1. If I take every Cα pair under 8 Å that is 6 or more residues apart in region 104-182, average their sequence separation and divide by the length, what percent do I get for the relative contact order?
2. Computed over the Cα atoms of region 205-319, what is the convex hull's projected area averaged over all directions, in nm²?
3. Going by average Cβ density within 10 Å per residue, which order do the peptides 98-111, 35-48, 69-82 take, highest to lowest?
4. Any of K209/K312; K207/K312; K133/K225; K42/K342; K209/K349; K15/K251 with alpha carbons more than 23 Å apart? Name them for me.
5. Where does the Debye-calculated log10 I(q)/I(0) of region 1-145 sit at q = 0.09, 0.10, 0.20 Å⁻¹, using only Cα point scatterers of equal weight, no solvent?
6. Sort 248-260, 346-358 by the packing proxy (mean of other Cβ within 10 Å over each peptide's residues), most packed first.
7. Give me the Kirkwood hydrodynamic radius of region 137-188 in Å, from all C-alpha pairs, to one decimal place?
8. Dipole of the chain (Lys/Arg Cβ +1, Asp/Glu Cβ -1, origin at the Cα centre): which of G87, I31, H8 lies farthest to the positive side?
Amino acid sequence: MPGLIDAHIHLWGMKDNLLTSGIPVFEDSMIQAIRGVMDVWKLIDAGFTTVRNAGCIHAIHLRNAINEGSIIGPRILACGRSIGRTGGHVDLPHVPLEWWDSKRNSITRLADGVAEIRKAVREELRGGADFIKIMTSGCPRKDDDLTRAEMSPDEVRAVVDEARLAGVRTAAHAQCTAGVKNALLGGVDTVEHGFALDEECIDLFLKQKTYLITTLSIYYNFFTKGPGAGAQESAVNLARKWWEVNVESFKRAYRAGVKCGLATDCLGEPMFPMGDNALELELFVDQVGLTPLEAIVCATRNNAEALGLADKVGTLEPGKCADVLVIDGDPLEDITILRNKKNIVTVFKNGAEVPRLGPIGVRGING
Ligand SMILES: [Zn+2]
């Protein structure tokens, strides 16, 4: 089968609990990038031959190290830093500005109004971004108002316009109706997460042929693993509530014929370990009701189209890059086969056999 694609992850080398650390800004990016070296190997070892990183500069360097042959990992599409508004989701309004200003540099940046946004896009492109990621809404947490969008359609249009000048695509984090709508009105190529879609949103998706990159794993992991990882009960309950909204919304969009990719929003250990990404395919089947083949198509062909890589990966055809998995078992019968690395016999990327991480990994060696 074709190599799998995860269209939204974060290679920022997190090895802490997101719920206690807030966001991985308490460490030097050097140690985070070093962890990332192992994380990218875990991803390709799990059959994910392409991933798209949705915000942090670590992935730019990991991509370059992979492409120059220094380390083993998947094809990476990286966006550099995500772009958000002052006082919005990535501005962490609950922490002191001076403190956050000194920490946010490797992950995100702020831009307000069309002129600043154009400049921010150009700077991220200068830094090596393959695509541009923006924030048009908050997320389910107490600081964020999910009745409101965080960027205007005009601001989104400026992002899209600048990105198209450079020939790259755009992705919008949008976790509420208003945020999704402004992202769509502004013309982004992919809507990430895409919660709480109303009929107008679904019509816009269909009319503009925009891709929905939903991310079920993240909230699923939050409420299933959170209690054991020290998460507060209120955070676990919030995750469960939004998981339900997400599943319901995704079901309607898929059935209506919206083009859908597949992604995990994998953030790192301990709740979101790299290499466990095939969980998302299981959730598509068990929770949303897709067939195993439909889930695999979302994770391969559809993702390749959404990312602008359809001429290279996503299907097994002459002239493509030969990202191929040899699987022991039939995932069309049992989708859970893909999450057990024992069943992934061989991984090829660009036609070359990928050295495997082994059953133990460094963790076993080092104790
Ligand atoms: Zn994300």
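The values are calculated or read from the model by the stated rules, or taken from the named source; none is laboratory data. Keep in mind it's a predicted model, so treat the numbers as computed, not measured. Cβ atoms come from the backbone with ideal geometry, glycine included; neighbour counts cover every protein chain shown. Heads up: the accessible areas ignore ligands, DNA and RNA and are worked out on the full protein's heavy atoms, side chains in. Shrake-Rupley method; radii C 1.70, N 1.55, O 1.52, S 1.80 Å.
1. Relative contact order for region 104-182 comes out at 37 percent.
2. Numbers: hull surface 31.8 nm².
The directionally averaged projection comes out at 7.9 nm².
3. Working: 98-111: 16.1, 35-48: 23.9, 69-82: 21.9.
The packing order, highest mean first, is 35-48, 69-82, 98-111.
4. Values: K209/K312 21 Å; K207/K312 26 Å; K133/K225 28 Å; K42/K342 13 Å; K209/K349 29 Å; K15/K251 32 Å.
Distance filter (> 23 Å) returns K207/K312; K133/K225; K209/K349; K15/K251.
5. -0.28, -0.35, -1.28
6. Order by mean packing, descending: 248-260, 346-358.
7. Working: mean 1/r = 0.0897 Å⁻¹.
In region 137-188 this quantity evaluates to 11.2 Å.
8. The residue sitting most towards the positive pole is I31.
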